[in-house]
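The values are calculated or read from the model by the stated rules, or taken from the named source; none is laboratory data. Computed from a prediction, not measured in an experiment: that's the story for all the values here. No Cβ is skipped: glycine too gets one built from the backbone with ideal geometry, and neighbour counts run over all protein chains shown.
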Amino acid sequence: MSEKELAYNLLENVPEYKLGYVIAYLQGITADEAADDAFCEKLCREYEADPDKGDMISIEEMAKISGVDLNAI
């Protein structure tokens, strides 16, 4: 039995409510690595060009910027 056949057989026994996990996993392992690498490289270049990189802000400031009420957590 090939590995693909084994995967099909195992899939037959996966309960319906767990199929979302299987699908998410399969989508993740079949994702386009080149596109992911390009996205990460773009983020890195943007960070390197950011004049504010390395500046720290408090958790309170970050919460305010993000619209999060720390008292509600």
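Values computed for the structure shown
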read-out	value
Output for the range 40-59, where each listed residue is among the acidic types (Asp, Glu) and either in contact (Cβ under 8 Å) with a residue 40 or more places away in the chain or surrounded by 10 or more Cβ atoms within 10 Å (Cβ to Cβ) (or both)	Glu41, Glu46, Asp50
Count of residues meeting criterion [exposed (fewer than 10 other Cβ atoms within 10 Å of the Cβ), at pLDDT 90 or above and not in a helix (DSSP H, G or I)] in the range 1-39	3
